1. Just to confirm the number: angle between the C-alpha axis of helix 39-51 and the first principal axis of the chain, 0 to 90 degrees, nearest 10?
2. Do the sum for the chain: with -39,500 (n - 2.57) for every DSSP H run of n ≥ 4, divided by all residues, what is the mean residue ellipticity at 222 nm, to the nearest 500 deg cm²/dmol?
3. Counting pairs of alpha carbon atoms under 8 Å apart in space and at least six apart in sequence, what relative contact order in percent does the stretch 1-126 give?
4. Along each of its three principal axes, how wide is the spread of alpha-carbon positions in the stretch 21-84, in whole angstrom units, largest first?
5. What is the local net charge at Ala57, summed over the other residues whose Cβ is closer than 13 Å to its Cβ (Lys, Arg +1; Asp, Glu -1)?
6. First measure r as the distance between the Cβ atoms of Glu20 and Glu69, then evaluate 1/(1 + (r/R0)^6) with R0 = 35 Å and state the FRET efficiency to the nearest 0.05.
7. Compare the peptides 14-23, 30-39 by average per-residue count of other Cβ atoms within 10 angstrom and give them in order, highest first.
8. Hey, can you rank 67-76, 44-53 by average C-beta count inside 10 Å, highest first?
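What follows is calculated from the coordinates using simple rules that are stated; it is not laboratory data. If you're wondering where the values come from, they're calculated on a predicted model, not measured in any experiment. Positions of Cβ are backbone-derived with ideal geometry, glycine not excepted, and every protein chain shown enters the neighbour counts.
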Amino acid sequence: MYASHVLEHLPLEDFHQALENTRRILAAGGVFRLVVPDLASAAREYCAGFDAGDTKASSTFLKETLLGEERRPRNLAGFIYSFLVTSRHCWMWDAVSLEGALNKHGFARVRRCQFGDCEDPMFSLVEDPGRFERSVAMEARR
């Protein structure tokens, strides 16, 4: 199973339910490969800008992580659209916390991975190197 830049759009509770469901439906020994934006990388960039006195460091961080919301919808249609569209990030992960979550849900042989280093050649058919930039990728087995 493969998930690239999907799980960060789920609230924390739904993220954990997704991991539980994924582990449950994977066959024994099945591989789950996932890619999410790297919170640690974004935080390091924010801190570097902050330390350098960049007055836009916080705005840049919130925009690049899709955690910030610049304006709220003012009408019913805008509210419904913002409720249904899931382009914002609800939760962010770094390598340590993502590995911990996978372990908590009973995945085995959890490892950080890079573009193209997958054991299953089918993953290489769907992977895009751009999706690994400033991201954390993990592979785990049931």
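1. It works out to around 30 degrees.
2. So the calculated ellipticity at 222 nm is -11500 deg cm²/dmol.
3. Over the stretch 1-126, the number comes to 33 percent.
4. 51, 40, 10 Å, listed from the longest principal axis down.
5. Values: positive: Arg44, Lys56, Lys63; negative: Glu45, Asp51, Asp54, Glu64.
Net of charged neighbours comes to -1.
6. Numbers: r = 29 Å, r/R0 = 0.82.
That pair, Glu20 with Glu69, gives E of 0.75.
7. Per-residue mean Cβ counts within 10 Å order the peptides as 30-39, 14-23.
8. Ranked by mean Cβ neighbours within 10 Å, highest first: 44-53, 67-76.
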